[in-house]
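Working notes, beginning with the structure itself.
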There are 2 protein chains.
Amino acid sequence: MIKVYGSSNSGNCLKVKWVAERLAIPFEWIETNTTGQTRTPEFLKLNPAGQVPLIAFDDGRVLAQSNAIMLHLAEGSDLVPADAFARAKMFEWLFWEQYSHEPTIAVRIARLFYLKMKEEDLDPALKTKGEAALARMEHALRGSDWLVGETITLADIALVAYTRNARKGDFDLTPYPALVAWIARVEGALGLEKTA
Amino acid sequence: MIKVYGSSNSGNCLKVKWVAERLAIPFEWIETNTTGQTRTPEFLKLNPAGQVPLIAFDDGRVLAQSNAIMLHLAEGSDLVPADAFARAKMFEWLFWEQYSHEPTIAVRIARLFYLKMKEEDLDPALKTKGEAALARMEHALRGSDWLVGETITLADIALVAYTRNARKGDFDLTPYPALVAWIARVEGALGLEKTA
């Protein structure tokens with residue numbers, strides 16, 4: 001059975017869990033915090049980058065990076081568009097998520113909600129860049145139920161992971177009604193507790 | 001013909017050029033600097049994220065994100081492994097590149113080489129995180145000619161884009177001999193001028 005090393009506080013890790021559950025792929029969850037357990041010699045042997053999520057197969061092969069893991073688990077499923085250009089747009093969102101969304105929104109959630117840091121001790125750019133990311137999603141979701149095509153894809157799963165907790169990073173979602181409706185839609189599709 | 005909006009100073013943009021050239025895909029390069037031309041109302045209509053590279057097809061469809069563009073252009077070619085797990089490892093490198101490599105190494109190159117900023121004005125974490133990224137690649141390339149499998153893939157093309165210019169970001173490559181040999185190998189495979 002696939003082992004999933006992950007932290008239940010991490011949206012990146014939960015992405016993997018949600019995809020495996022939705023596709024009924026059996027897995028064993030190995031709770032691994034990011035405040036030490038990803039830096040042990042044992043874990044660094046599995047993933048020299050010292051990051052979760054990580055999946056390990058019975059034969060010893062391992063795979064890191066949340067979006068790469070999702071893509072591998074979901075290959076050939078309805079979470080990946082069959083059309084080549086739609087698939088490319090899904091990739092566009094996945095790379096944008098890791099470059100422009102996660103480093104601002106997830107970082108503010110971690111620092112304000114989990115580490116209890118104060119707003120005045122944070123780089124103000126995290127707020128402005130995070131708001132720009134939310135505004136870009138709102139723009140895309142006006143008139144569209146899902147980020148790509150007519151059904152849920154990995155793009156929605158990747159982006160919802162931290163967006164649904166953006167309020168914990170002190171982001172006001174009031175200016176983004178289409179985004180808020182989309183959060184509830186994705187949570188419904190994945191059977192998650194409603195955050196709004 | 002595909003239009004490629006890109007800056008010749010940007011490794012992310014050059015990735016797209018190299019893949020199109022290698023696969024003999026005709027394209028028109030539209031030089032677009034990142035110091036203003038990606039923020040005009042005309043460009044923001046094409047890409048609300050205000051980033052290059054961007055490709056535009058004759059029918060008006062557009063695609064952003066360097067790695068998503070490469071994947072779309074190279075689909076079905078020998079730059080993408082046919083084996084599912086090898087392909088997943090390629091994705092692992094592509095996402096790692098955008099999350100852990102580009103934001104440190106490319107940012108130092110931009111600030112020190114292009115913007116002529118001084119070392120003491122930069123976040124010291126950019127240096128330590130960049131060195132960790134280079135060390136991780138060195139670790140992977142000891143005993144392996146390419147990042148994934150037995151031949152060049154998009155992982156090598158994505159990672160070489162900024163790694164070959166790491167010295168412009170004042171990174172010393174002496175501790176990474178396997179990395180330096182790999183840079184020359186990828187440059188040779190792509191027909192690029194040797195940087196070392």
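Quick one: is B:VAL62 outside the structural domain of B:PRO103 (by TED's automatic domain parsing) and closer than 15 Å to A:MET90 by Cα? So B:VAL62 passes the test.
Of all the listed residues (A:LYS45, A:LYS17), the sole one being surrounded by fewer than 20 Cβ atoms within 10 Å (Cβ to Cβ), modelled with pLDDT of 95 or more and more than 10 Å from every other protein chain (Cβ to nearest Cβ) is A:LYS17. Only residues that are away from chain A (no Cβ under 13 Å) and buried (at least 17 other Cβ atoms within 10 Å of the Cβ) were counted across segment B:128-145, and they come to 2. If you filter segment A:62-88 down to residues that are in contact with an Asp or Glu (Cβ under 7 Å, 6 or more places away or on another chain) and either hydrophobic (A, V, I, L, M, F, W, C) or more than 7 Å from chain B (Cβ to nearest Cβ) (or both), you find that the one that is farthest from A:THR38 (Cα to Cα) is A:ALA84.
Here's the yes/no breakdown for (1) free of Cβ contacts under 8 Å to residues at least 40 places away in the same chain; (2) in a helix (DSSP H, G or I):
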| site | (1), (2) |
| --- | --- |
| A:ILE157 | no, yes |
| A:LYS168 | no, yes |
| A:ASP172 | yes, no |
| A:PRO175 | no, no |
| A:ALA178 | no, yes |
| A:ILE183 | yes, yes |
| A:GLU193 | yes, no |
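When you check B:ALA88 against the structure, is it in contact with a His (Cβ under 7 Å, 6 or more places away or on another chain), under 20 Å from B:LYS15 (Cα atoms) and among the small types (Gly, Ala, Ser), yes or no? Considered against the rule, which asks whether it is in contact with a His (Cβ under 7 Å, 6 or more places away or on another chain), under 20 Å from B:LYS15 (Cα atoms) and among the small types (Gly, Ala, Ser), B:ALA88 comes out as yes. A:PRO103 passes every criterion in (1) at the interface with chain B (Cβ under 9 Å from one of its Cβ atoms); (2) more than 24 Å from A:THR35 (Cα to Cα); (3) surrounded by fewer than 20 Cβ atoms within 10 Å (Cβ to Cβ) apart from (2).
Among the residues of segment B:146-155, just one is touching a residue at least 60 places away in the same chain (Cβ under 8 Å) and surrounded by fewer than 14 Cβ atoms within 10 Å (Cβ to Cβ), namely B:THR151.
Taking every residue in segment A:64-85 that is without any contact (Cβ under 8 Å) to a residue 60 or more places away in the chain and closer than 25 Å to B:VAL62 by Cβ and pairing it with any residue that is of a type in the set (D, E, K, R) and outside any loop (DSSP other than H, G, I, E, B), at least 6 positions away or on another chain, the pairs with Cβ-Cβ distances below 8 Å are A:ALA68/B:LYS89; A:ALA68/B:GLU92.
The values are calculated or read from the model by the stated rules, or taken from the named source; none is laboratory data. Source: prediction; values computed, not measured. For neighbour counting, all protein chains shown are included, and Cβ atoms are generated from backbone atoms with ideal geometry for every residue, glycine included.
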